[in-house]
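Trainee: Sharing a structure with you now.
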Amino acid sequence: MTGVKSPLLSLPGAVPAEGADEGVAAHYGDIFREQRNLSQGAGFVDLSHRGVVTVTGPDRLSWLHLLLTQHVSELPPQQATEALVLSPHGHVEHALYLVDDGTTTWAHVEPGTQEALVAYLESMRFFYRVEVADATAEYAVVHLPAGSTASVEGAAAVRELPYGRDLFVPRGELERFTDGFGPAAGVWAYEALRIEGHRPRLGFETDHRTIPHEVDWLRTAVHLQKGCYRGQETVARVHNLGRPPRRLVFLHLDGTEETLPPHGTEVRLATDPDGRALGFVTSSARHHELGPIALAIVKRNVPVEAVLLAGTVPGTQDVIVPQ
């Protein structure tokens with residue numbers, strides 16, 4: 001399902017997002033207020049443009065365990081986790097945000113990627129007793145921030161996270177369901193807090209050659225004591241050598257610049273502004289407390305104390321993935 005347009009775009013002040021987040025609101029008129037609300041446990045974020053995939057059947061967890069980077073064969077009901085699908089060479093192809101309710105495994109994924117994911121999963125069914133479905137037309141994702149006291153009664157599934165809760169709700173009831181959730185916040189506010197939290201996003205912090213080690217997914221989406229999944233050899237080899245070719249960094253950007261460096265902006269050393277590019281900006285935002293911030297992928301051996309230039313904007317690094 002593509003071209004999803006949320007009914008919540010009819011809320012007062014809603015400004016539609018563009019690009020990967022098309023179909024939901026970028027903001028509702030005050031991005032800093034929306035960030036502050038989320039930081040204080042108030043409001044919600046409409047993520048109904050994201051894809052929803054379900055897996056049912058008695059073999060679902062043992063089967064997914066063979067395909068994903070995460071240990072899910074004994075995943076307890078209601079316990080949230082993350083997992084990846086890798087290429088045979090260990091490059092990230094899909095990122096899944098999972099929860100199992102005891103009968104169904106629910107996952108939300110990047111907008112527009114669910115069809116390819118379902119096709120891959122269907123190709124791997126063989127004799128296993130599983131059913132895979134693209135449930136995007138029936139269910140939508142809503143995010144509640146950490147500290148929210150909103151009732152989630154009626155949600156089909158809930159992912160409990162350190163930074164909030166992801167709800168899978170019937171798409172036809174999205175407006176009614178969110179009516180009591182408090183002020184809406186757009187994806188710009190959600191993205192600013194994601195960047196602050198150093199959480200990678202498929203298609204932003206990743207490209208066609210990204211391996212999990214480079215973007216800190218070893219910590220949240222990869223189980224290093226399991227094997228037998230596609231790409232596992234690369235994961236083990238690079239982990240044992242301890243030398244991923246690139247690393248994710250957090251940038252505190254110079255607040256005097258009027259514009260943010262967009263995705264793909266080349267990163268260089270501030271001491272060598274005309275030198276060769278050492279990486280690129282993956283995501284950037286204006287944070288209500290930190291000011292302009294960004295995530296970037298840089299070469300592993302870039303000095304961690306070096307001031308970098310994101311295009312023409314200077315920025316200092318916080319280490320996410322050690323050298």
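Trainee: Check whether at least one residue in segment 61-69 is in contact (Cβ under 8 Å) with a residue 24 or more places away in the chain and in a strand (DSSP E or B), and report yes or no.
Mentor: no
Trainee: Quick one: in segment 82-112, which of the residues that are of a type outside the set (D, E, K, R), out of contact with any His (no Cβ under 6 Å at 6 or more places or on another chain) and not in a strand (DSSP E or B) is nearest to Lys5 (Cα to Cα)?
Mentor: Gly112
Trainee: State all residues of segment 174-220 that are in contact (Cβ under 8 Å) with a residue 24 or more places away in the chain, more than 22 Å from Pro292 (Cα to Cα) and assigned by TED's automatic domain parsing to the domain that holds Tyr163; if no residue qualifies, say none.
Mentor: If the condition is that a residue be in contact (Cβ under 8 Å) with a residue 24 or more places away in the chain, more than 22 Å from Pro292 (Cα to Cα) and assigned by TED's automatic domain parsing to the domain that holds Tyr163, then Leu174, Glu175, Phe177, Thr178, Gly180, Phe181, Gly182, Pro183, Ala184 are the ones that fit.
Trainee: If we scan segment 72-81, do we find a residue that is assigned to a helix (DSSP H, G or I), over 24 Å from Gly147 (Cβ atoms), at pLDDT 95 or above and out of contact with any Gly (no Cβ under 7 Å at 6 or more places or on another chain)?
Mentor: Among the residues of segment 72-81, not one is assigned to a helix (DSSP H, G or I), over 24 Å from Gly147 (Cβ atoms), at pLDDT 95 or above and out of contact with any Gly (no Cβ under 7 Å at 6 or more places or on another chain), which makes the answer no.
Trainee: Right, another one. When both residues are 6+ apart or on different chains and their Cβ atoms are under 7 Å apart, which pairs have a first residue that lies in segment 240-259 and is of a type in the set (Gly, Ala, Ser), and a second that is not in a loop (DSSP other than H, G, I, E, B)?
Mentor: Sorted first by the residue in segment 240-259, then by its partner, the pairs are Gly255/Gly291; Gly255/Pro292.
Trainee: With (1) modelled with pLDDT of 95 or more; (2) more than 17 Å from the chain's Cα centre (by Cα); (3) at negative phi as the list, and Thr69 as the residue in question, which single condition is left unmet?
Mentor: All conditions pass for Thr69, except number (2).
Trainee: Looking at segment 162-202, which of its residues are surrounded by fewer than 18 Cβ atoms within 10 Å (Cβ to Cβ) and either over 24 Å from Arg36 (Cβ atoms) or hydrophobic (A, V, I, L, M, F, W, C) (or both)?
Mentor: Pro170, Gly172, Glu173, Glu175, Arg176
Trainee: Then there is this: Go through (1) in contact with a helix residue (DSSP H, G or I) (Cβ under 7 Å, 6 or more places away or on another chain); (2) in contact (Cβ under 8 Å) with a residue 60 or more places away in the chain; (3) more than 30 Å from Gln40 (Cβ to Cβ) one by one and return the number of the condition Pro314 breaks.
Mentor: It fails just one condition, (1).
The values are calculated or read from the model by the stated rules, or taken from the named source; none is laboratory data. On a predicted model such as this, the values are computed, not experimentally measured, just so you know. Virtual Cβ from ideal backbone geometry, glycine too; neighbours counted across all protein chains shown.
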